[in-house]
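The values are calculated or read from the model by the stated rules, or taken from the named source; none is laboratory data. Keep in mind that this is a model prediction, so the values were computed, not measured. Here the Cβ positions follow ideal geometry from the backbone for every residue, glycine too, while neighbour counts run over all protein chains shown. Remember, those area values only see protein heavy atoms, side chains included, never the ligands or the DNA or RNA. Shrake-Rupley method; radii C 1.70, N 1.55, O 1.52, S 1.80 Å.
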Amino acid sequence: EEGSRRRTKALQRQLLDIRKEKTLELQRREEMTAHLKDQLHGRKAKTGLERKYVKSSAELLVYQGQKINTHSEKQLEDEIRLLQERLEEERRVHMETETFLKKHQTSLDEKLEVWMERYERDMEDKQQELNSLRNKKANNLSQLQELAKKYRDIEQVVIEDRMEKEALRRKLEKEHMERDAATKIQSWWRGTLVRRGLGPYKKGKKPKSKEGKKGKKKK
């Protein structure tokens with residue numbers, strides 16, 4: 001019986017502990033459920049706001065697109081009207097130009113005939129002038145050939161004269177350089193003779209004293 005009572009107490013304590021754990025777990029689950037409900041409400045509210053924002057943005061984009069399209073259509077209509085006005089103006093100008101050209105075509109044909117006759121006369125005159133110039137050119141060419149021949153002869157004489165003068169100048173320069181070199185060599189040779197006392201610049205020897213000779217013999 002004592003053992004049974006102890007076991008019963010132990011089981012009661014375990015049961016209390018289990019009840020406490022279950023109670024705590026139930027509280028945690030209730031808190032988690034409340035938190036999830038709060039998150040769900042927040043998500044729903046956020047989703048509603050996003051839907052409203054997307055709807056308003058879409059409506060705004062549609063409005064802007066319609067406004068832009070309306071403006072573009074108006075611009076295109078203005079351009080079409082302007083192009084039509086220009087086209088009408090060009091047609092009018094074309095008709096006026098065509099009428100003007102038709103009126104002046106006859107006058108231009110008559111002037112063309114006159115200019116053609118004048119062109120033929122001028123061509124004949126210019127052909128005669130050209131023949132005369134060709135004859136003069138042939139004469140001038142023969143004279144030019146003679147002058148060129150004389151020029152080549154004179155140029156040859158001038159070249160030969162220049163070559164002779166150049167040879168003479170080189171010869172004179174060479175002689176001048178040779179004289180300068182000979183003068184320099186002579187000066188150097190005289191200086192060498194003077195410094196060394198050779199040739200006509202040789203110095204006389206002085207007689208040595210007897211004492212000096214004796215002193216050298218002792219050494």
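Tabulated data for the structure shown
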{"item": "Identified option (computed Rg and Dmax of the Cα atoms in Å; candidates (1) 67.3, 168; (2) 24.1, 82; (3) 17.6, 56)", "result": "(1)"}
{"item": "For the range 81-178, projected area of the alpha-carbon convex hull averaged over all directions, nm²", "result": "18.9 nm²"}
{"item": "Solvent accessible area, Å² - Thr106, 1.4 Å probe, full protein context", "result": "80 Å²"}
{"item": "FRET efficiency estimate (nearest 0.05) - Cβ-Cβ, Val158 to Trp188, R0 45 angstrom", "result": "0.50"}
{"item": "Angstrom value of the Kirkwood radius, inverse mean 1/r, which spans all Cα pairs in the range 38-134", "result": "21.8 Å"}
{"item": "Nearest 10 degrees, 0 to 90: helix 2-196 Cα axis against the chain principal axis", "result": "20 degrees"}
{"item": "Where labels lie 7 Å past Cα in the beta-carbon direction, separation of Arg170 and Glu110 in nm", "result": "8.5 nm"}
